[in-house]
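A short worksheet on the structure shown next.
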Amino acid sequence: MAEPSKHLLLVEDEAPLREAVAEQLADRGFSVQQADSGEAAVARLAEFAFDIIVTDLRLPGIDGSDVVEAAVGRYPDIIAIVVTGYGTVKDAVEAIKRGASDFVNKPFQIDELLHALESAIEQRRLKSENAYLRAQLEDRYRFEGVVGKGRAMSRVFQLLETVAPTNSTILITGETGTGKEVVARAIHHNSPRRMNRFVALNCAAIPETLLEAELFGHVRGAFTGAVGNRQGRLEQAHKGTLLLDEVGNMSVALQTKLLRVLQEREFERIGDSHTTKVDVRIIAATNSDLARLVADGQFREDLFYRLNVIPVELPPLRERKEDIPLLVQHFLDKLRVEGIGAGQARVPLTVAQDAMRRLMAYAWPGNVRQLENAVERAVAISAGRPQLDVADLPIEIQQAQEPVLPSTVALPDEGLDLPSFIAHLERELIQRSLERTGGNKGQAAKLLCLKRTTLVEKLKRIEKQPLI
Ligand SMILES: Nc1ncnc2c1ncn2[C@@H]1O[C@H](COP(=O)(O)OP(=O)(O)OP(=O)(O)O)[C@@H](O)[C@H]1O
Ligand SMILES: [Mg+2]
């Protein structure tokens, strides 16, 4: 398909030259309009959104630089080319500072002008393509604050992208510290409800007797101490999102009431004879195995199914170690921003490779929260050094070891073929490092203390090798 013609405004006070250039540009497919002064050009710009402006620099009245500034001010994406009659680079530089893309010296061959135009158009195209890609990238990572790019988290992001904009109930499961709350917040912020409140209720942190009042609110005199009317979290979350955290800790009696909310979106404040209707999206989170609680009769099966409409499972950190470097960087950045605000000492910019290896070797029973704490502590200990070292890490992490291969290898009676044994070991370790990094060769190479190019070479060789 032919490109739509570009609208070009040509500004030149010498009529014969202007008309000659206009004609040649029109021959090359530009849709050309002419202006014989800076004032006329500014007036035309006000009437029409040109793609390109070509202007003489020296004009009676408003000069070419002013015209460029007016054009760019009005249309930031316009391509402006200036024509300078005096060969003074200084004027052209001034015009470029004010937004021109390029300049040509007078007298010029039409090809010179065309060349300048073509390269400016190409640059503009690349720039907008880049902006498009960046927007796409941002879109891909719009679950702001939730870091992760390995296979495990990418799958979670994909699911979140699909379900966040809906009203579906979501059940987030995962060990402690895997990010259930951050994910719940991210879902809310990526839903049409984002303008309204995100309310969290931790069912494990509130004594059973108070939990019901906390959830549903109460009217005055409903129970001893209920001095006034009080909104519950459900009402607070009206038109927004309610996170029921540690939902597995809810008593069976309360579970029954919650079930009604999920089915009817209505409830009564404690002591109230009126029914209150709410429009709330519910996200539940738990680190216990609800299915097992159901089997044990501690959790209502029907409630489980109502909550588990869309299950989101957050894998433990030890199963997504490839995200550790990214998370560490994220926490360092976070501390830097907070530290700058508080006028505190420098936060290290990087982590020594050896320290990173230990961080990746550790099993992280407390998951991302534990990692965040470890980074915070290490930063405090690093005392303003630009790099975090092994010694800055908590002792149990310093001691973390890659699950090592057997330290002794038995030599069979019949002996072995050493070269092929070593090749086998190498292949094994390379495969494991690739598995661990979700196929990222750069990171896999780092794990093995190899250059990326070396790893790639080895991989090529391995592919050719027969399987032992
Ligand atoms: N993917 C992630 N990206 C960035 N920060 C994260 C991520 N996951 C967790 N965190 C951080 O780790 C900490 C713990 O996360 P969060 O409170 O969401 O965990 P949780 O699963 O709700 O834990 P618990 O079960 O103990 O309540 C928070 O400070 C959170 O910001
Ligand atoms: Mg939590």
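Listed values, structure above:
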item	result
Reachable lysines, given that their alpha-carbon falls under 17 Å from the alpha-carbon of LYS321 and they are not under 8 places away in the same chain	LYS149, LYS441, LYS446
Residue (of GLN158, MET195, GLY177) at the positive-pole extreme of region 158-222, dipole from beta-carbon charges	MET195
Residues SER420, SER191 arranged by fewest to most Cβ contacts within 10 Å	SER420, SER191
Net charge dipole size for the chain [Lys, Arg +1 and Asp, Glu -1 on Cβ; Debye, nearest 20]	1520
Anisotropy class of region 7-126 from Cα gyration tensor, a/c 1.5 cut	rounded
Under 16 Å from LYS239, Cα to Cα: aspartates and glutamates that are on another chain or at least 8 residues apart	GLU264, GLU266, ASP279
Likely footprinting exposure, TYR362, TYR75, TYR305, fewest C-beta neighbours within 10 Å first	TYR305, TYR75, TYR362
Those aspartates and glutamates that a straight Cα-Cα span of less than 16 Å connects to LYS464, excepting residues fewer than 8 apart in one chain	GLU426, GLU428
DSSP bridge orientation in the chain - percent antiparallel, rounded to nearest 5	10
Cα-based shape type of the chain, given that a ≥ b ≥ c are square roots of the gyration tensor eigenvalues and the cut on a/c is 1.5	oblate
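Quick note: the coordinates plus some simple rules give every number you see, no bench work behind them. Remember, predicted model here, so these are calculated numbers, not experimental data. Using ideal geometry, Cβ is built from the backbone for each residue, glycine included, and neighbour counts are taken over all protein chains shown.
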